[in-house]
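The values are calculated or read from the model by the stated rules, or taken from the named source; none is laboratory data. The shown structure was predicted, so the numbers you read here are calculated from the model rather than taken from an experiment. Ideal geometry is used to build each Cβ from the backbone, glycine not excepted, and the neighbour counts take in all protein chains shown. The accessibility values were calculated without ligands, DNA or RNA, using every heavy atom of the protein model including side chains. Shrake-Rupley method; radii C 1.70, N 1.55, O 1.52, S 1.80 Å.
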Amino acid sequence: MSKQSYRVCFCFRRRFRMAAAEAPADIKAIFDEYSENGVMSVDQMRRFLVEVQKEENSTLEDAQAVMDSLHELKHLNVFHKRGLNLEGFFKYLFGDVNPPLNPKLGVHHDMNAPLSHYFIYTGHNSYLTGNQLSSDCSDVPIINALHKGVRVIELDIWPNSTKDNINVLHGRTLTTPVELLKCLKSIKEHAFTASEYPVVITLEDHLTPDLQAKTAEMINQTFGDMLFSPGSECLSEFPSPESLKKRVIISTKPPKEYLKAKDVKIQETDSKKGTDSAAEPWGKEVKSFKGFKANLDEDKDDDLDGEGDEDEEDEEEDLKSQQNTAPEYRRLIAIHAGKGKGGMADWLRVDPDKVRRLSLSEPELEKAVITYAKDIVRFTQKNLLRVYPKGIRFDSSNYNPLIGWMHGAQMVAFNMQGYGRSLWLMHGMFRANGGCGYVKKPDFLLKGGGEVFDPRATLPVKTTLRVTVYMGEGWYYDFRHTHFDTYSPPDFYARVGIAGVPADVVMKKTKTLEDNWIPTWDEVFEFPLTVPELALLRIEVHEYDMSEKDDFAGQISLPISELREGIRAVPLHSHKGVRYNSVKLLMRFQFI
């Protein structure tokens, strides 16, 4: 890779010198400090792991293991008989063995608290392959979601055309249906591939009593002993994820009369209203927390499937309609959903004798947090709150998940096919706790009494994260050489910032380095954090384009609660969240 040519026209080529990746000056200085005569011994490696990488418990055996991990590089002469040279040290730092999150950590949160004490990886309309209006319904996106660790699968269930079987589809749209039984069988087969912790199936039910009975039979026959079914009465407290390992849980509203949801006319012009569009090259910026009140009137419930509408019927009507429903179906429901009669204050009422799930649309939540922020936090200490995208997100886009999380909402439901920055944050949150799909909420969201957390309170800075962006490499191997620019090597810049409570939200940007496949920015940024427990580190790389929109070149979001200090190799992912083979950034993280 010493030189590269780009054809400008038939008779003219531009040639660029291609330098190999070289350790930045800071890395060389650190190597000099922890080596002698250009060689780092096992003992010096141990000191480096303890003092720079902040791995305080590192032993000589750990240091030797790092050395041993580089054996495949021996042909590059990175070893001396007494230890490691600079090239070997640099290869280790930039290698897969040195990630920003500790792969050995696994599931380490306390998993014995009630379900309401956890953020849960939650899907919305989990059966859709694309947009909300005309895409196919399939079990494939359900399987994909389960393999990524998603723990809540949503199914909209409707009678088929002959009214003798049950389909899954997005009602009153042009989406093509898939049979319920096929979805249930796929959930059973793939539920615990990525995680042993429970899978919740939320049902949006549009069935007649005879089809509800048939659904109950299907669910019982498919899942058998895997099903957690405590009976038709509400629970007084939710069980723990640990006690529900390898169990499947059904959650829905106590059943109602057939098809009471409102009809909604679909207008093509409305389809342009969604934000964070899946069609964007790399997604619009995540909606700011500032100005919740703006445009709320525009966003009033336009739900296609009647989620918000059905919930609004009061409990008395629920009890009347239950008389017409199949008792075997009611007994399946372990997590009861629904809104009480009255308005938001009543919906958020905490019953000392039973727990339930409340569903709010994205605009309903945004409106509620203006007046009821502390009430929502108090409600979610015992009960489950599910938030779902507004109905006009026809493109399967998503919203800012932090609005729900910072108010304690456990089930922030996302369109998992709605790629963009919002979904990248979702991926980042659930990289925590071994990727098991359950992340224990911070203690301050669980405190009762008069100390209920206020997400908008002005809080002192708890810690400051210093991020050094040294360099990046790997694009040359993972992309066509004319992918970013037809006539020259790419002009990369990096964006680094925080997603979290409003006071912590910020994005910063490096300089743009022209014509360089291996950019060395060597820039330092500092991020004061008032609530680090809810903060995610956002990292993106783009290629500057003078004439068009800048090209996307990789992204990752990382939970700051599990970020390892020290110099780390940060792997970047595609727009769809798939890890690139070679693209990585070399960065340093310090809490000061």
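Below is a table of values for the structure above.
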quantity	calculated
Subset of region 548-569 [over 13 Å from K54 (Cα atoms) and among the small types (G, A, S)]	A553, G554, S557, S561, A569
Hits in region 497-524 (condition: open to solvent by less than 20 Å² (accessible area, probe 1.4 Å), of a type outside the set (V, I, T) and outside any loop (DSSP other than H, G, I, E, B))	G497, A499, D504, W521
Residue list for region 546-555, filter: out of contact with any His (no Cβ under 9 Å at 6 or more places or on another chain) and without any contact (Cβ under 8 Å) to a residue 60 or more places away in the chain	M546, S547, E548
Tally, over region 51-75, of residues that are open to solvent by 40 Å² or more (accessible area, probe 1.4 Å) and among the β-branched types (V, I, T)	1
Close pairs (6 angstrom Cβ cut-off, 6 or more residues apart or separate chains): farther than 21 Å from L537 by Cβ in region 452-469, among the hydrophobic types (A, V, I, L, M, F, W, C) anywhere	V452/V377; F453/V377; F453/F444; F453/L445
Pairs where the first residue, in region 81-110, is open to solvent by 40 Å² or more (accessible area, probe 1.4 Å) and the second is of a type in the set (K, R) and not in a helix (DSSP H, G or I), C-beta under 7 Å, 6+ apart	N102/R564; H109/K440; D110/K440
Residue check for K341: outside any helix (DSSP H, G or I) and either crowded, with 21+ Cβ neighbours inside 10 Å or at pLDDT below 90 (or both)	yes
Some residue of region 440-452 being surrounded by 15 or more Cβ atoms within 10 Å (Cβ to Cβ) and more than 28 Å from L105 (Cβ to Cβ)	yes
Unmet criterion (only one of (1) assigned to a loop (DSSP other than H, G, I, E, B); (2) closer than 19 Å to F238 by Cα) for D395	(2)
Count - residues of region 186-220 that are under 16 Å from W158 (Cβ atoms) and in a loop (DSSP other than H, G, I, E, B)	3
Filtered residues of region 407-434 (kept if part of a helix (DSSP H, G or I) and either in the same structural domain as V506 (by the TED database) or polar (S, T, N, Q) (or both))	S422, N433
Filtered residue count, region 116-144, keeping only those that are farther than 30 Å from P209 by Cβ and in a helix (DSSP H, G or I)	5
